[in-house]
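The structure appears right after this line, and notes come after that.
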Amino acid sequence: MYQDFDASEFDYLNSTTPQQFEQQTQTRTPEITNIERFWTLTGNWGEFGSYFGAGLSASLIVRAIPTLIPAAVILIPAASLGLLVHTLTADGSAKLRSQLILIAVGTALIAANWDAWLAWVLANSQVLIFSFSLVVITVGFVAVQVWSKLSNVSK
């Protein structure tokens, strides 16, 4: 009820010239209509689709021409890392757009190379299991050592 009260409305009582505070303009933020929300949403889906299609095409071209694999292995993660850094530093719509590109390209890379990833995981499953267990044991050992040192200090 009293949310729109502004004490500056009564400044004319203290002023020497009454016309000084007569014309105060208040700016309003434009409201977004439903059709604008719809076009923004479909634009985002369309943009996601175009980036996904480009990433999928690039992945499939690389798979079709095996000599491009080293370039793709170097350039795609480098470009993704640059885009990730830009995402972390950007604000507003630029942040949303770069996140959209990252999700689309990541999804396209997984979609195009899921069989290669699966074959790699299966071929290296023993090494992956050993590495994971070694990391868990090492982290557990370090945590126990730190915990014991901290508990001895408090006594």
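If you put +1 on each Lys and Arg Cβ and -1 on each Asp and Glu Cβ, how big is the dipole of region 43-155 around its Cα centre, in Debye rounded to 20? Intermediate results must be reported in sequence, preceding the final value.
Numbers: 5 positive and 3 negative charges, 78 e Å.
It works out to roughly 380 debye.
Roughly speaking, to the nearest percent, how much of region 60-155's 1.4 Å accessible area is carbon and sulfur? Working shown, then result.
Details: 5820 of 7400 Å².
C and S atoms contribute 79 percent here.
Between Arg37 and Ala94, what length comes free when the chain is fully extended (0.36 nm per residue of separation minus the Cα-Cα distance, one decimal in nm)? Present the calculation step by step, with values, prior to reporting the outcome.
Working: separation 57, 0.36 × 57 = 20.52 nm, distance 1.76 nm.
Length gained between Arg37 and Ala94: 18.8 nm.
At what distance in nm do the modelled label points of Ala78 and Val142 sit from each other, each positioned 7 Å from its Cα along Cα→Cβ?
3.1
The values are calculated or read from the model by the stated rules, or taken from the named source; none is laboratory data. Everything numeric here is computed off the predicted structure, so don't read it as measured data. Because the Cβ atoms are built from the backbone with ideal geometry, glycine has one as well, and the counts that use them run over all protein chains shown. Please note that ligands, DNA and RNA were not included when accessible areas were found on the heavy atoms of the full protein model with its side chains. Shrake-Rupley method; radii C 1.70, N 1.55, O 1.52, S 1.80 Å.
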